[in-house]
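The values are calculated or read from the model by the stated rules, or taken from the named source; none is laboratory data. Keep in mind that what you see is a predicted model, and the values were worked out from it rather than measured. Virtual Cβ from ideal backbone geometry, glycine too; neighbours counted across all protein chains shown. Note: areas computed on protein heavy atoms with side chains; ligands, DNA, RNA excluded. Shrake-Rupley method; radii C 1.70, N 1.55, O 1.52, S 1.80 Å.
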Amino acid sequence: MPELPEVEALRSFLQQRLVGATIARTELVAFSALKTFQVPLAALHGAEVTQVRRYGKFIAIDGGGTWLVFHLARAGWLTWKDAMPAKPARPGRGPLSLRVVLADDSGFDLTEMGTQRKLAVYVVGDPSEVAMLSTLGPDPLADSFDSDALAAILARAGRAQLKGVLRDQRVIAGIGNAYSDEILHAAKLSPFKPSNALSHDEQQRLFEAIKHELGDAIERSVGRAAKELKGEKKIGLRVHGRTGEPCGVCGTTIAEVSFADSSLQYCPGCQTGGKPLADRRMSRLLK
C-alpha cells in the first residue's frame, strides 16, 4: 500500500507535470472506483490544473475549482505516460481504473491489481466534501505535530497498542503497515506496547522516529519517477517484509506476527528484550 512518503512523492511528481496543463479528457474504466456523482468527471474536461495537494494518503488535483481526489488503497498505483494511446480505454478485466489525458497527449493511469476493488476516486467542488478527509488525524510532517501533540495523542489512546495507533488514519494521517514497523524499530519499541505506558524518553524516541523515518523516506523518494517509487520503498525498509533476515542493527533474526489479512515485522533484539511476540493466528492453528 502506498503510504505518506510515496504519496508525497507522487504529489510532487504530479505537481511538476500537471500545474499549468489542461485536462483534455478522462476515461473511467472501473465504474465502481468513482464514489461521487453530483459533479461529473466531464467537469474536469478543459480545466487547467492549478495545484496538487496531499491529505494523508489522498491526492487532490485542482482543476480550476473542480477537484479530482483519489486514494490508491492497498493495491492501487499511478502510472505516467508521455503519450497516451489514441484508442479510448474500454472496461475489461485489466487493472486500469481511470485514465486522465492532458491536452499535449500525456497523462496518467490509475490502476489497481487483484480482485479487491478499493481504489477510490472523487470529483468535488472542494476536497472537504470527501467525507473521509474530515476524519483524518494530524499530518505527522506538519510543524504543529510536535512532541507535545504526540504525547496528547498517546494519552487519549489509552491502552491501545502502539502499532494500531500509528496505523489509525483518524489518529495520525498517512502512516500505514510498513512505516509503522519501521518507526517502531527505530524507536526500539514493541508494537504491542500500550500507548499510555511510554516513559518520557520512549515518547521522545517515538516522536523522533516518526519525523526521521518519514522524512528520510520522502528524501529518498521525491524527485524519482512514479515507476521507481515501489522499488525505492522496498529497498529502504529495514524490518518490514524482511522476516527471517538478520536485523541490520543487532543481528537478531527479524520475526513476524500474522493477522487475518496482514502481518507485522519486528526485531526481538531491538524491540522486545529478546522475547518473541505471540502470533495469535498461528497459536490458534496449533491448538
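For E3, E208, write out the residues from largest to smallest accessible area, computed with a 1.4 angstrom probe and no ligands counted.
Values: E3 5, E208 105 Å².
The residues order as E208, E3, largest area first.
Given a Förster distance of 35 angstrom, what is the FRET efficiency for R74 paired with S199, based on the Cβ-Cβ distance and rounded to 0.05? Once the sixth-power term is evaluated, E becomes 0.50. At the residue level, R242 shows approximately 60 square angstrom of accessible surface with a 1.4 angstrom probe and all protein chains present. In the chain, the DSSP-assigned H stretches of four residues or longer account for a calculated mean residue ellipticity at 222 nm of -8500 deg cm²/dmol, using -39500 (n - 2.57) per stretch and the full residue count as denominator. Mean-square fluctuations from a GNM of the chain, with a 10 angstrom spring cutoff on Cα atoms, peak among A152, A86, A47 at A86. The C-alpha atoms of the chain define a longest principal axis, and helix 4-18 lies at about 20 degrees to it. Computed with a 1.4 Å probe on the full set of protein chains, the accessible area for H240 sits at about 40 Å². The mean sequence separation of alpha-carbon pairs under 8 Å and at least six residues apart, normalised by the residue count of the chain, gives a relative contact order of 17 percent.
Once the Cβ-Cβ distance between E245 and K87 is put in as r, and R0 is 30 Å, what FRET efficiency do you end up with, to the nearest 0.05?
Details: r = 45 Å, r/R0 = 1.51.
For E245 and K87, the calculated efficiency is 0.10.
Paramagnetic label reach from D148 (point 7 Å along Cα→Cβ; backbone nitrogen cut-off under 19 Å): within segment 205-249, residues 205-208, 211. Here the Gaussian network model covers the chain, with springs between Cα atoms less than 10 Å apart; of S180, S263, S190, S263 fluctuates the most.
Work out, in µm²/s and without decimals, the Stokes-Einstein translational diffusion coefficient of segment 2-137 at 37 °C, 0.692 mPa s, Rh from Kirkwood over C-alpha pairs.
Working: Rh = 14.8 Å.
Result for D is 221 µm²/s.
Counting only the Cα atoms, the chain fills a convex hull of 144 Å³ per residue.
Checking the a/c ratio against 1.5 first, then a/b against b/c, what shape does the Cα gyration tensor give for segment 236-275? Could the numbers behind the result be given before it?
Working: a/c = 2.43, a/b = 1.43, b/c = 1.71.
Judged from the Cα gyration tensor, segment 236-275 comes out oblate (a/c at least 1.5, b/c at or above a/b).
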